[in-house]
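Trainee: Before we start, here is the structure in question, set down as structure tokens.
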């Protein structure tokens with residue numbers, strides 16, 4: 001009787017609220033939070049137009065089911081403002097303004113969960129906080145997340161399928177290496193395993209929505225999107241079979257404790273999508289940088305010349321080539337441990353130093369989760385071996401490491417990423433990841449994180465003629481989806497006509513369908529602070545001098561990005577600023593030439609340098625003056641490009 005009275009008193013003390021809303025600073029983007037039949041929901045509108053219909057929220061944990069039987073019992077709002085600088089992202093200095101709404105949900109008369117929304121002018125970020133249910137409960141496991149995305153009828157999706165676990169090369173998947181495809185029917189699951197983040201949606205003629213997540217570290221797992229029969233999507237946790245079955249699927253958290261941020265970016269056009277910084281706006285640095293990390297450009301032999309090029313004489317050639325280009329680094333790829341050896345690696349590092357060049361060095365992440373045979377193995381997964389190795393690399397003057405073959409989004413894998421990054425920072429090493437997950441706010445969270453693959457990257461152009469045939473289509477996706485939320489180590493911009501050792505059209509190898517100007521354009525379109533371009537020493541004599549000179553000077557660090565025009569999979573035109581110099585880059589994947597008039601009034605000069613293709617994809621470089629209205633008409637043929645400086 002006494003317990004019943006206490007429960008009744010608690011119910012009286014927690015008033016049930018109706019729907020509550022929080023809007024962005026300019027009032028155009030609004031999120032409405034409510035409870036429907038005990039299920040928490042949220043809805044997103046922009047200028048009063050529904051871009052996301054009422055969609056479920058909630059968690060199911062081992063200490064309580066917070067997906068049903070819930071009541072909204074309080075809400076509070078406050079402004080959020082932050083200025084920060086991260087030189088390795090798309091905009092070096094960011095001023096973030098948003099309104100924060102904290103919504104408290106109760107069950108059985110007790111507050112059990114908060115959902116925190118931060119709404120800026122075009123971005124929604126939200127996360128859960130699981131509250132303590134009693135003084136003895138300190139931890140919880142999250143079995144399931146109800147977070148869903150219900151789109152209006154007529155929505156199209158631009159999605160990349162999640163790869164099957166323990167499949168592909170040496171059972172190393174999933175690794176975010178499938179193409180983006182446009183779907184006119186929602187709710188399917190690709191090849192049966194859902195889709196990876198980020199995901200882009202075209203809501204009829206009403207606007208665009210980009211869905212992703214950020215702030216994932218060792219305290220949680222990475223997530224995916226699972227389609228439902230009704231056409232909606234829901235958050236899915238990693239697949240049990242991944243990582244060879246090691247590690248839990250259900251993340252563990254402390255209590256009280258937070259989940260990562262879910263992000264939703266909206267716009268009437270693609271400008272807010274291409275320019276969003278929400279990935280970094282809502283996270284914080286997890287440690288201080290041990291040194292001032294810098295961007296860099298460099299070369300790598302493997303992309304053109306394969307495994308057999310990771311030998312001492314070829315790496316000497318690439319060091320000389322890199323020095324001739326005025327670049328900073330050479331990536332020594334897989335198998336160096338057996339094909340070069342440690343003694344010769346020390347000689348390579350010393351020779352590179354004489355030339356003003358530093359090395360990035362490849363490692364296999366593997367310990368016990370896949371069959372990837374390339375060495376060095378068994379180092380990056382073990383803290384004792386890893387720190388000893390990193391001390392050796394530091395003493396050699398190595399700039400960074402490239403770690404490959406992760407193949408999992410489980411919490412245990414996220415912990416490995418974090419441990420590698422934190423240890424590498426102790427030794428002043430930057431990190432690039434391949435065969436990996438999507439970075440989720442990592443440039444700001446981990447200051448020595450440089451870049452990650454997590455895309456159908458340039459190696460697939462080498463492996464497959466089909467990928468060469470569709471290169472332009474995929475390249476026109478990335479500025480609006482994959483690369484807009486994180487640095488992307490694509491490893492492209494080759495000036496070879498064919499992917500083989502001597503750039504010999506009479507020999508076997510995938511033929512490039514895109515132009516030289518296209519290659520220059522992707523060096524600007526694809527953002528990554530560390531770039532290892534797919535050029536080879538032969539390009540100094542067999543590629544156009546104007547193209548080589550451009551690649552010598554193109555920046556890898558940018559201060560600002562602007563969307564000019566584009567449509568995913570068809571064409572993309574962006575402007576990036578480095579210091580006081582603007583670079584406008586465009587590519588076209590459509591069969592018909594693209595003709596567009598660009599407003600370049602934001603540029604500081606009316607005199608520009610234009611790299612352009614004719615209809616035969618023969619490129620040229622010329623000086624040109626803008627018209628009085630500071631506009632320029634450009635024509636880009638299929639598989640061609642344009643760059644304006």
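Trainee: Kindly provide the helix-only [θ] at 222 nm of the chain, computed as the sum of -39,500 (n - 2.57) over DSSP H runs of four or more divided by all residues, to the nearest 500 deg cm²/dmol? Before the final figure, lay out the partial values.
Mentor: Details: 17 runs with 132 residues, N = 645.
The per-residue figure over the chain is -5500 deg cm²/dmol.
Trainee: Can you give the relative contact order of the chain as a percent, counting alpha carbon pairs under 8 Å and 6+ residues apart?
Mentor: On the way: 1686 pairs, mean separation 74.2, N = 645.
Reported relative contact order: 12 percent.
Trainee: Another question about this same structure. Once R0 is set to 25 Å, what does the formula 1/(1 + (r/R0)^6) return for the Cβ-Cβ distance between residue 465 and residue 307, expressed as a FRET efficiency to the nearest 0.05? Numbers along the way, then the final one.
Mentor: Values: r = 20 Å, r/R0 = 0.81.
With a Förster radius of 25 Å, E is 0.80.
Trainee: Rounded, prolate or oblate, given the Cα gyration tensor of segment 15-274, with a/c below 1.5 counting as rounded?
Mentor: Details: a/c = 1.42, a/b = 1.08, b/c = 1.32.
Rounded is the answer for segment 15-274, as its axis ratio a/c remains below 1.5.
Trainee: Continuing with this model, one more query. Obtain the nm distance between the two label points defined at residue 191 and residue 68 by a simple spin-label model: each point lies 7 Å from its Cα along the Cα-to-C-beta direction.
Mentor: Label at residue 191, label at residue 68, 3.5 nm between them.
Trainee: Efficiency by 1/(1 + (r/R0)^6): what FRET value for residue 82 and residue 602, r their Cβ-Cβ distance, R0 = 22 Å, to the nearest 0.05?
Mentor: 0.30
Trainee: If each residue's Cβ is checked for other Cβ atoms within 10 Å, how do 223, 601 rank with the fewest at the top? List each step's numbers first, then the result.
Mentor: Values: 223 25, 601 10.
The most exposed by this proxy come first: 601, 223.
Trainee: Once you have the Cα-Cα distance between residue 183 and residue 338, take 0.36 nm times their residue separation minus that, and quote the gain in nm to one decimal.
Mentor: On the way: separation 155, 0.36 × 155 = 55.80 nm, distance 4.54 nm.
Additional length available on full extension: 51.3 nm.
Trainee: Still on this model: At what distance in angstrom do the alpha carbon centres of segment 456-475 and segment 341-412 lie from each other?
Mentor: With segment 456-475 and segment 341-412 each reduced to a Cα centre, they are spaced 27 Å.
Trainee: Sort 440, 508, 467 so that the residue with the fewest other Cβ atoms within 10 Å of its own Cβ comes first and the one with the most comes last.
Mentor: Lowest count first: 508, 467, 440.
Trainee: Roughly what angle does helix 342-354 make with the longest principal axis of the chain, taking Cα atoms, 0 to 90 degrees, to the nearest 10?
Mentor: Long axis of 342-354 versus the principal axis of the chain: about 70 degrees.
Trainee: Additional query: Starting from the Cα of residue 351, move 7 Å in the Cα-to-Cβ direction to define the label point; list residues of segment 364-398 whose amide nitrogen is under 18 Å from there.
Mentor: 396-398
Trainee: Right, here's the next one. Compute the relative contact order of segment 430-474 as a whole-number percentage, counting only Cα pairs closer than 8 Å that sit 6 or more residues apart in sequence. All intermediate terms of the calculation are to be shown ahead of the outcome.
Mentor: Numbers: 37 pairs, mean separation 15.3, N = 45.
Over segment 430-474, the number comes to 34 percent.
Trainee: Could you tell me how far the Cα centroid of segment 571-597 sits from the Cα centroid of segment 175-231, in Å?
Mentor: Centre-to-centre distance over Cα atoms comes out at 26 Å.
Trainee: Right, another one. Between the helical axis of 383-396 and the dominant principal axis of the chain, each derived from Cα atoms, what acute angle in degrees is found, rounded to the nearest 10?
Mentor: Compared with the principal axis, the helix lies near 40 degrees.
Trainee: Once you put a point 7 Å from the Cα of residue 377 and another 7 Å from the Cα of residue 141, both along the Cβ direction, what distance in nm separates them?
Mentor: Between residue 377 and residue 141, the simple spin-label model gives 3.0 nm.
Trainee: Before anything else, pin down the relative contact order of segment 584-644: Cα pairs under 8 Å, at least 6 apart, normalised by residue count, whole percent.
Mentor: Details: 121 pairs, mean separation 32.5, N = 61.
Relative CO of segment 584-644 lands at 53 percent.
Trainee: Let me ask something else. Helix 312-325: angle to the longest alpha-carbon principal axis of the chain, degrees 0 to 90, nearest 10?
Mentor: Helix 312-325 sits roughly 90 degrees off the main axis of the chain.
Trainee: Using a/c under 1.5 as the rounded threshold, could you call segment 106-250 rounded, prolate or oblate? The axes a ≥ b ≥ c are square roots of the C-alpha gyration tensor eigenvalues, and prolate needs a/b larger than b/c, oblate otherwise. Mind dumping the intermediate values first?
Mentor: Working: a/c = 2.15, a/b = 1.19, b/c = 1.81.
Since a/c reaches 1.5 but b/c is at least a/b, the shape of segment 106-250 is classed as oblate.
Trainee: Just one of (1) -0.36, -1.11; (2) -0.19, -0.83; (3) -0.23, -0.91 is log10 I(q)/I(0) by the Debye sum over Cα atoms at q = 0.05, 0.10 Å⁻¹ calculated from these coordinates, so which is it?
Mentor: Checking each listed value against the structure points to (3).
Trainee: Which order, highest average first, do 301-309, 73-81 follow once you tally other Cβ atoms within 10 Å for each residue and take the mean per peptide? Walk me through the numbers on the way to the answer.
Mentor: On the way: 301-309: 19.8, 73-81: 13.7.
Packing order, densest peptide first, comes out as 301-309, 73-81.
Trainee: Could you calculate the FRET efficiency of residue 505 with residue 17 from 1/(1 + (r/R0)^6), where r is the beta carbon distance between them and R0 is 51 Å, rounded to 0.05?
Mentor: Values: r = 70 Å, r/R0 = 1.37.
Here the calculated transfer efficiency is 0.15.
Any read-out appearing in this document is the output of simple, stated calculations on the displayed coordinates, not a laboratory observation. Fair warning: this is a prediction, and the values are worked out from it, not measured in the lab. Virtual Cβ from ideal backbone geometry, glycine too; neighbours counted across all protein chains shown.
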